[in-house]
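Student: Starting off with a structure, shown below.
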Amino acid sequence: MRAKALDGEKEAQLIALRLGPAPAGFAHWTLRLLANQAVALDIVESISHETVRQTLKKTTSPRATSSTR
């Protein structure tokens, strides 16, 4: 079993980064931009855009899947 790439604190830092403004010249964050910025800010030594995607997917609100009856 592989060790987690991100602990709770690093996940929180990545989510906070995603919620902040996109870099100059970009309208929004991409997974690759987030991965590169996380490395540049020393949040992690290295990270793939897929790990970023999985981390952000875990934080998706359940409201998107709930139905009103």
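Student: It is to be established whether one or more residues within region 22-43 are buried (at least 17 other Cβ atoms within 10 Å of the Cβ), assigned to a helix (DSSP H, G or I), under 10 Å from the mean Cα position of the chain (by Cα) and modelled with pLDDT under 95.
Tutor: no
Student: Name the residues in region 8-30 that are free of Cβ contacts under 8 Å to residues at least 24 places away in the same chain and within 15 Å of Arg53 (Cα to Cα), would you?
Tutor: The answer is Ala12, Ala16, Leu19, His28, Trp29, Thr30.
The values are calculated or read from the model by the stated rules, or taken from the named source; none is laboratory data. Bear in mind that the values here come from a model prediction, so they are computed numbers and not experimental data. Cβ coordinates were reconstructed from backbone atoms using ideal geometry, including for glycine residues, and neighbour counts include every protein chain displayed.
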